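The next block holds one structure in the form of C-alpha cells; read it before the comments.
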Amino acid sequence: MKTAIFYGSTTGTTAAVAKRIARAAGVADSDIFDVAKADPAKLGEYDLLILGTPTWGSGELQDDWYDFVAGAEALDMTGKKIALFGCGDETMSGTFCSAVGELYDRMVKTGAKFVGSFTAAPYDYNSSDAVRGNDNIAVGLLLDEVNHPELTDARIAEWVKTIK
C-alpha cells in the first residue's frame, strides 16, 4: 500500500510529529508533504493518506490547510484510505484538537474510507470536535506535545498498527 503524509505546521511541532509517524509507519521522506507547498492532486498518487494538522485559535485548521483542502474536497478519492492526526494543547480545553474534526468533516466529501479512530484518553479536556459521541474516541490520533510529550511515541506506535 503506497502511503504518504500531508501536514500543515506553523511552529514545526506537527512537522516533527509527521516525521515521527513516518518512521513508525515506514513512510519514506520523499512521501512526506507540507501542504503549504503541495498540490492536492498529489493525494491521488497514494492509497493511504495520513493527514495532520495542529489546532489554532478557537479550534481552526492550521492556515496552510485551507487552500489545500479546498482543492482536495473536489477530488474523488473512492477506494483510498485517510488517517488523521493532530496536535493540540489540552489546556485549550474547549477546542482540544478540534481541527482534526474539521479536517474530517471537509475530507469526508471525497468518498475516501477513514481509518485510525483512536482514544483521546488520557488527555483532560472539556470538548473536541475530533471526538464524536460519548466514548472518548476521536476520528484520528490526538497528541499534546505541550503538556504530555512523553505519551507521543507510544500513542504513535499503537495508532500506526490500526491504520495499516
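The values are calculated or read from the model by the stated rules, or taken from the named source; none is laboratory data. The shown structure was predicted, so the numbers you read here are calculated from the model rather than taken from an experiment. Cβ placement follows ideal geometry from the backbone for every residue including glycine, while neighbour counts extend to all protein chains displayed. When the accessible area is computed, the model is the full protein with side chains, heavy atoms only, and any ligands, DNA or RNA have been set aside. Shrake-Rupley method; radii C 1.70, N 1.55, O 1.52, S 1.80 Å.
What number of residues within the stretch 111-147 satisfy the criterion of being outside any loop (DSSP other than H, G, I, E, B), open to solvent by less than 30 Å² (accessible area, probe 1.4 Å) and out of contact with any Ser or Thr (no Cβ under 8 Å at 6 or more places or on another chain)? Steps first, answer last, please.
From the stretch 111-147, those outside any loop (DSSP other than H, G, I, E, B) are 113-115, 118-119, 131, 137-138, 141-143; that's our starting set.
Checking the rest, the ones that are also open to solvent by less than 30 Å² (accessible area, probe 1.4 Å) come to 115, 118, 131, 138, 141-143.
Filter once more, so that each one left must be out of contact with any Ser or Thr (no Cβ under 8 Å at 6 or more places or on another chain): 131, 141.
Of the residues in that region, 2 qualify.
Taking the stretch 37-55 as the region of interest, how many residues are more than 21 Å from residue 25 (Cβ to Cβ) and under 14 Å from the mean Cα position of the chain (by Cα)?
Within the stretch 37-55, residues that are more than 21 Å from residue 25 (Cβ to Cβ) and under 14 Å from the mean Cα position of the chain (by Cα) number 1.
What residue, of 152, 162, is over 13 Å from the mean Cα position of the chain (by Cα), under 13 Å from residue 88 (Cα atoms) and not in a loop (DSSP other than H, G, I, E, B)? Write out each step before concluding.
Values: 162 fails: under 13 Å from residue 88 (Cα atoms).
Only one candidate passes the filter, namely 152.
Residues that are at pLDDT 95 or above and not aliphatic (A, V, I, L, M), at least 3 per element: which strands (runs of 3 or more DSSP E) completely within the stretch 1-109 meet that?
Working: elements: 3-7, 32-34, 48-56, 81-87.
So the answer is 3-7, 48-56, 81-87.
Looking at the stretch 87-110 only, could you name the residues that are over 24 Å from residue 46 (Cβ atoms) and open to solvent by less than 10 Å² (accessible area, probe 1.4 Å)? Before the answer, list the steps.
First, the residues of the stretch 87-110 that are over 24 Å from residue 46 (Cβ atoms): 88-96, 98.
Passing the criteria: 96, 98.
If you take the residues of the stretch 20-54 that are free of Cβ contacts under 8 Å to residues at least 40 places away in the same chain and in contact with an Asp or Glu (Cβ under 8 Å, 6 or more places away or on another chain), which of them is most open to solvent (accessible area, probe 1.4 Å)? Before the answer, list the steps.
Filtering the stretch 20-54 for residues free of Cβ contacts under 8 Å to residues at least 40 places away in the same chain gives 22-23, 26-44.
After this cut, where a residue has to be in contact with an Asp or Glu (Cβ under 8 Å, 6 or more places away or on another chain) as well, the list is 22, 34-36.
Numbers: 22: 2, 34: 33, 35: 7, 36: 60 Å².
By that ranking, first place goes to 36.
Would you pick out the residues in the stretch 60-86 that are touching a residue at least 40 places away in the same chain (Cβ under 8 Å), touching a helix residue (DSSP H, G or I) at 6+ places or on another chain (Cβ under 8 Å) and open to solvent by 10 Å² or more (accessible area, probe 1.4 Å)?
At the first step, the residues of the stretch 60-86 found to be touching a residue at least 40 places away in the same chain (Cβ under 8 Å) are 60-65, 68, 81, 83-86.
If we keep only those that are touching a helix residue (DSSP H, G or I) at 6+ places or on another chain (Cβ under 8 Å) as well, we get 60-62, 65, 68, 81, 83-86.
Matches in the stretch 60-86: 60, 81.
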